[in-house]
1. Taking the dipole about the Cα centre of the chain, with the C-beta of Lys and Arg at +1 and of Asp and Glu at -1, give me whichever of Leu109, Gly28, Thr42 is farthest to the positive side.
2. List the residues of region 46-62 whose backbone N lies under 12 Å from a point placed 7 Å from the Cα of Thr80 along the Cα-to-Cβ direction.
3. May I ask you to sort Asp25, Asp50, Asp112, Asp91 by Cβ crowding, counting other Cβ atoms within 10 Å and putting the fewest first?
4. Quick one: dipole size for region 1-76, taken about the Cα centre, charges +1 on Lys/Arg Cβ and -1 on Asp/Glu Cβ, in debye to the nearest 20.
5. So, counting K/R as plus one and D/E as minus one, what does the shell of residues with Cβ under 15 Å around Leu75 add up to?
6. Starting from the 7 Å offset along Cα-to-Cβ, what nm value, one decimal, do you get for the label separation of Lys24 and Asp94?
7. In percent, how large is the relative contact order of the chain, given Cα pairs closer than 8 Å and 6 or more residues apart?
8. So for region 38-92, averaging the separation of alpha carbon pairs under 8 Å that are six or more residues apart and normalising by length, what relative contact order in percent results?
Amino acid sequence: MSAGMYSEKVIEHFRNPRNMGEIKDADGVGTVGNPICGDQMTIYIKVKNDRIVDIKFKTFGCAAAIATSSMITELAKGKTLEEAMKITRKDVADELDGLPPIKMHCSNLAADALHAAIKDYWEKQKKRKKSGK
Ligand code: FES
């Protein structure tokens, strides 16, 4: 892999990913696959008072996918669910000082997986309310 096409921030996050791993008793889990390359990313969130208090990711993907996963966990941690839903694919790439155009599809995974985890949390809340628990 040529590192030359990546910004320093991407390389730094790829080498030292933040919040990598799994939350066993997560309140919400979102998994998305990249139709272009077949790579996959899962995001786990813990929620308290509508705020993301903990977040972790597991990514099977390229350097750009790992760097964007790492970056999105930093962006989302501490945010309310509403705020985290507003984090866009572009925000993540911008925070990393850009990604090479051929790698933009990789960065889409992170925002999509985060949003999927939040939706999963909301679904679970709805079910819980219905069952009266
Ligand atoms: Fe698959 Fe980047 S090549 S996520």
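Any read-out appearing in this document is the output of simple, stated calculations on the displayed coordinates, not a laboratory observation. None of these values were measured; they are calculated from a predicted model. Here the Cβ positions follow ideal geometry from the backbone for every residue, glycine too, while neighbour counts run over all protein chains shown.
1. Value: Gly28.
2. 49-52
3. Working: Asp25 6, Asp50 12, Asp112 19, Asp91 16.
Fewest-to-most ranking of Asp25, Asp50, Asp112, Asp91: Asp25, Asp50, Asp91, Asp112.
4. Details: 9 positive and 9 negative charges, 20 e Å.
With Lys and Arg at +1 and Asp and Glu at -1, about 100 debye.
5. Details: positive: Lys9, Arg18, Arg51, Lys56, Lys77, Lys79, Lys86, Arg89, Lys90; negative: Asp54, Glu74, Glu82, Glu83, Asp91, Asp94, Glu95, Asp97, Asp112.
Value of the local net charge: 0.
6. With each label point 7 Å from Cα toward Cβ, the separation is 3.9 nm.
7. On the way: 235 pairs, mean separation 39.7, N = 133.
Worked out over the chain, it gives 30 percent.
8. Details: 67 pairs, mean separation 17.6, N = 55.
Once normalised by length, the contact order is 32 percent.
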